[in-house]
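Reading through the structure tokens given below for one structure.
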Amino acid sequence: MSGRPSEASSGAAKPVVGTEHFAALDLRVGRVLAVEPFPEARKPAWKLTVDFGPEVGELRTSAQVTNYSETELVGRQVVGAVNLGTRRIAGFTSEFLVIGGLAPDGSVSLLLPDTDLPPGSPVA
């Protein structure tokens, strides 16, 4: 699961879903522990291992964030949706969705808190 350009990248507003649907998402702050190349992916991507703290643990994802280097990602805090289930991507099990903003060129700008938070901190 990754920040992927889709119909959302058009900028069109999505339908109203209500706060109960938003509250069902488990959005957490995590810290990137490892970054690996993912040459099997159809679109350029990294395999990320992220620590989401003791309640969630370490999760892995495929993320189309190759506009960031490995050194820019390791140690960086990210925001992830950790309760969407898993998805197989080119033989790799992606366990969460990393959250970012889509730039006009399709690149992803990762969201992060403006202060250092403990891994696993909920996003409200």
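Screening the candidates R31, R42 for the property of being charged (D, E, K, R), surrounded by fewer than 18 Cβ atoms within 10 Å (Cβ to Cβ), out of contact with any Ser or Thr (no Cβ under 6 Å at 6 or more places or on another chain) and under 22 Å from F92 (Cα atoms) yields one hit, R42. Restricting A124, A63 to residues that are free of Cβ contacts under 8 Å to residues at least 12 places away in the same chain and on the phi < 0 side of the Ramachandran plot narrows the list to A124.
Each residue in region 93-124 was checked for being surrounded by fewer than 17 Cβ atoms within 10 Å (Cβ to Cβ), in contact with a Lys or Arg (Cβ under 8 Å, 6 or more places away or on another chain) and more than 18 Å from G53 (Cβ to Cβ), and 1 of them qualify. The requirement of being outside any strand (DSSP E or B) and at pLDDT below 95 is satisfied by L112. Does region 63-73 contain at least one residue that is surrounded by fewer than 18 Cβ atoms within 10 Å (Cβ to Cβ), closer than 20 Å to R28 by Cα and of a type in the set (G, A, S)? Scanning region 63-73 turns up no residue that is surrounded by fewer than 18 Cβ atoms within 10 Å (Cβ to Cβ), closer than 20 Å to R28 by Cα and of a type in the set (G, A, S).
The values are calculated or read from the model by the stated rules, or taken from the named source; none is laboratory data. Just so we're clear, the structure is a prediction, and the values are computed from it rather than from any experiment. Cβ sites come from the backbone with ideal geometry, for glycine too, and all protein chains shown count toward neighbours.
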